[in-house]
Ligand code: NAP
């Protein structure tokens, strides 16, 4: 039997519909409209498209967007000055700095300058530390979306044998920590892992984030497994494919997420969710004063 599809598009629409209701309720109750500062430096067309999509998604659910576009020649000091300004702006509850940044700017310095309470992307070391501790405030958007997708299958996470392929800070590592906190037994794989296919075959739930087109083949997947494909790779004919060989693996897995239409839309939905929750916390704080 072919695998069930984990439809990231449909799932993200359901999340967005709920966010729109919650944002309207927050505005009616407190006068606070959730706000996101979107900061884009340079002319990278893909980054422009990502930011445009995120802005459209924000506006559709009633999140105010402060759009900051800076030239590729922007200095690190000028960008830090802008971050300082949006950190102090009470209308802003989430800050998105679109990566990559031009080479004269140290991305880590910039991400560290974002106030942890406004770090809607969840990349600040404080928020990473809270995640390690098991008390996260902001969870990074892509990993949070991956968890929601796994939860949507109804296949429980607790006690399952879980393999994450990829160990970087953006996806692999935070996904593994989030699964661990949900009581999965987690193995993290990377480029030095020996006999990767054998480790992957142990997985009842397999998350792949390596950036290699169709790398995970059917012989690496356990019968009936839940497979979440985070990879986004452009092929020579201009198509987008994941890190998983969808055609073959979907005949063996129990559940599989497609690319496109899988993790991508969920990442955007989680950015909206993080911004809304930040605004809700700000409203609580004001009430307490
Ligand atoms: P990355 O920084 O390039 O990291 C790749 C990871 O995969 C590393 O940990 C690397 O191991 C591991 N790896 C590479 N080749 C491997 C191999 N042959 N066997 C086992 N492990 C291998 O990538 P990333 O930022 O985590 O992103 C991964 C993919 O997800 C990319 O395609 C990216 O475009 C996509 N992505 C999608 C979204 C979305 O919203 N849909 C968001 C973020 C990222 P080492 O650590 O040993 O080098």
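The values are calculated or read from the model by the stated rules, or taken from the named source; none is laboratory data. Keep in mind that this is a model prediction, so the values were computed, not measured. FYI the Cβ positions are ideal-geometry reconstructions off the backbone, even for glycines, and counts take in every protein chain you see.
At a glance:
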quantity: Residue match in the stretch 118-134 (condition: at pLDDT below 95, within 14 Å of the ligand (Cβ to nearest atom) and closer than 14 Å to residue 178 by Cβ); calculated: yes
quantity: The one condition in (1) more than 22 Å from residue 114 (Cβ to Cβ); (2) touching a strand residue (DSSP E or B) at 6+ places or on another chain (Cβ under 7 Å) that residue 39 fails to fulfil; calculated: (1)
quantity: Matching residues in the stretch 70-90 - criterion: being touching a strand residue (DSSP E or B) at 6+ places or on another chain (Cβ under 9 Å), surrounded by 12 or more Cβ atoms within 10 Å (Cβ to Cβ) and part of a loop (DSSP other than H, G, I, E, B); calculated: 72, 74, 89
quantity: Filter result for the condition that a residue is surrounded by fewer than 17 Cβ atoms within 10 Å (Cβ to Cβ) and within 20 Å of residue 12 (Cα to Cα), over 155, 171, 146; calculated: 155
quantity: Some residue of the stretch 232-243 being over 30 Å from residue 30 (Cα atoms), touching a residue at least 40 places away in the same chain (Cβ under 8 Å) and under 20 Å from the mean Cα position of the chain (by Cα); calculated: yes
quantity: Complete set of residues in the stretch 92-128 that are in contact (Cβ under 8 Å) with a residue 24 or more places away in the chain and exposed (fewer than 14 other Cβ atoms within 10 Å of the Cβ); calculated: 100, 104, 106, 109
quantity: Segments classed as strands (runs of 3 or more DSSP E), wholly inside the stretch 163-274, with at least 3 members that are more than 20 Å from residue 143 (Cβ to Cβ), at pLDDT 95 or above and near the ligand (Cβ under 9 Å from one of its atoms); calculated: none
quantity: Criterion violated by residue 286 - all others in (1) near the ligand (Cβ under 10 Å from one of its atoms); (2) closer than 30 Å to residue 34 by Cα; (3) out of contact with any strand residue (DSSP E or B) (no Cβ under 7 Å at 6 or more places or on another chain) satisfied; calculated: (1)
quantity: Selection status of residue 278, under 23 Å from the mean Cα position of the chain (by Cα) and over 23 Å from residue 208 (Cα atoms); calculated: yes
quantity: Residue within the stretch 23-46 that is outside the structural domain of residue 232 (by TED's automatic domain parsing), in a helix (DSSP H, G or I) and within 17 Å of residue 141 (Cα to Cα) present; calculated: no
quantity: Residues being more than 17 Å from residue 41 (Cα to Cα), touching a strand residue (DSSP E or B) at 6+ places or on another chain (Cβ under 9 Å) and in a loop (DSSP other than H, G, I, E, B) - total across the stretch 99-152; calculated: 5
